[in-house]
1. For segment 251-264, give me the residue count where each residue is among the small types (Gly, Ala, Ser) and open to solvent by 10 Å² or more (accessible area, probe 1.4 Å).
2. Does any residue of segment 62-82 turn out to be more than 16 Å from the chain's Cα centre (by Cα) and open to solvent by 10 Å² or more (accessible area, probe 1.4 Å)?
3. Quick one: what pairs do we get from segment 231-253, first residue over 14 Å from THR313 (Cα atoms) and without any contact (Cβ under 8 Å) to a residue 40 or more places away in the chain, second in a helix (DSSP H, G or I) and open to solvent by less than 50 Å² (accessible area, probe 1.4 Å), C-beta under 7 Å, 6+ apart or different chains?
4. Among what's in segment 265-300 and is open to solvent by 30 Å² or more (accessible area, probe 1.4 Å) and in contact (Cβ under 8 Å) with a residue 60 or more places away in the chain, pick the residue that is farthest from ALA81 (Cα to Cα).
5. Would you confirm whether any residue within segment 123-130 is open to solvent by 50 Å² or more (accessible area, probe 1.4 Å) and among the β-branched types (Val, Ile, Thr)?
6. Across segment 24-61, what is the total count of residues that are under 16 Å from the mean Cα position of the chain (by Cα), at pLDDT below 85 and either within 18 Å of GLY248 (Cα to Cα) or of a type outside the set (S, T, N, Q) (or both)?
7. Which residue pairs have Cβ atoms closer than 7 Å, lie 6 or more positions apart in sequence or on different chains, and pair a first residue in segment 105-131 that is more than 19 Å from TRP363 (Cα to Cα) with a second residue that is among the acidic types (Asp, Glu)?
8. Mind checking which residues of segment 289-308 are in contact with a Leu (Cβ under 7 Å, 6 or more places away or on another chain), more than 22 Å from THR75 (Cβ to Cβ) and not basic (Lys, Arg)?
Amino acid sequence: MSEQKIAEGFPPPGSSSSPGAAAIFGSFLRLGITSFGGPAMIAHIKEMSVKRNKWLTEETFKDGVVICQSVPGATAMQMAAYVGLRVRGVQGAVASYVGFGLPAFLLMLTLAVFYSGSRELPLVVALFQGLQVMVVAIVANATFTFGRDIGKKPLNLVLATVAAALFWIGVSPFAVIVGAAIAGALLFKGPALPPSSTKKEGDAGKVPRMIVVFMILACAGVVGLYFADRKLYQLAALMLRIDLFAFGGGFASLPLMFHEVVNAMGWMDGKTFMDGIALGQVTPGPIIITATFVGYLVRGFPGALVATAAIFTPSFVVLVAVTPFFDRLKNTRHFSGATRGILASFVGLLCYMTIRFAVAVPWDPGRILFGIAVVVALARKMNILYVVLIGSVISIIIFR
């Protein structure tokens, strides 16, 4: 491999740090089994790909973090795909993406099957009464986390408030996000920056041919669903649209999914959707794996497969397609402003969801104390998996 490739972060050929697609898949599969904590998993991905295996340089990995935070999709999943893309092209990206997400899919599917057949049992009813309170606390914590980051500037809070109000009166969240992006691009635009003088790997200014083929096959699959099974088509189109607009990580998809699944389509009620979010917290991987739960309850095993594939495909395609142009894109006058507007709108949407979920809970002194305890645990940075597991045990004891 040339000196330029080595400088750009690629390992030299034939070295122990130049893995094939199977090795990439295996490494990310093992990582995916324990990938609790959402974006916190980025640190573990870095440990594996930069420090332990030396697949990427520190600088290249940092570039990936910027890219993955600027495009739609769950950040940890996007980082997995980014590492695979840098190491072995589109083939490596598919291997790392699937390997990292497969454990979450299998566990969520198992939980969805169990939930579907046992949710009326007294023990399960008690469990989900507590989980319902935990979901309110978790979404409220996500709102606070997002809001703390954007709330330092008054205009961000104005956009967030307007987004929440528009969502409350029934405006489509997709329209809210597009409007926020336009407003952000106009209000927060800065001076155009000169392109970086350092050539980054992947900045070839050309979309990889394999991803074009992948997009064509994905479109053909959606068209096929339209003629084969109209409900599966609706499910696929819905999840594709959600993922394409989910800037800001996995939690950003929740207001969109709630609107589409509960309000627009009426496929389930708000409480059932909250149960899906709770189950998403006890599985590894991103919270948008809730799509598997939704898909199974709507259309069984085919629905789970279609919903999962659809909720991850657009962001994967965007990442692979945008990466070669990202250095040029991030220096435009409007890009950072549009991204800032979108993130502000998600704070408003999450705030609306927090209120909506809180109203659905039949609060009493026990639930209030339990909710406060969960909020305190999350505020103290306790691992969310432990919060949910310990809270589940407490729920079974106090809500039976």
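The values are calculated or read from the model by the stated rules, or taken from the named source; none is laboratory data. Quick caveat: nothing in here was measured; it's all calculated off a predicted structure. Methodologically, a virtual Cβ is constructed for each residue, glycine included, from the backbone with ideal geometry; neighbour enumeration extends over all protein chains shown. For the accessible areas, the whole protein counts, side chains as well, though only heavy atoms, and no ligand, DNA or RNA atoms are used. Shrake-Rupley method; radii C 1.70, N 1.55, O 1.52, S 1.80 Å.
1. Of the residues in that region, 1 qualify.
2. The answer is yes; a qualifying residue exists.
3. Pairs that qualify, where the first residue is over 14 Å from THR313 (Cα atoms) and without any contact (Cβ under 8 Å) to a residue 40 or more places away in the chain and the partner is in a helix (DSSP H, G or I) and open to solvent by less than 50 Å² (accessible area, probe 1.4 Å), are TYR233/VAL222; TYR233/LEU225.
4. Looking at residues that are open to solvent by 30 Å² or more (accessible area, probe 1.4 Å) and in contact (Cβ under 8 Å) with a residue 60 or more places away in the chain, I get LYS271.
5. Yes.
6. Of the residues in that region, 7 qualify.
7. Going by the 7 Å Cβ cut-off, the qualifying pairs are TYR115/ASP275.
8. GLY295, TYR296, VAL298, PRO302, GLY303, ALA304, VAL306
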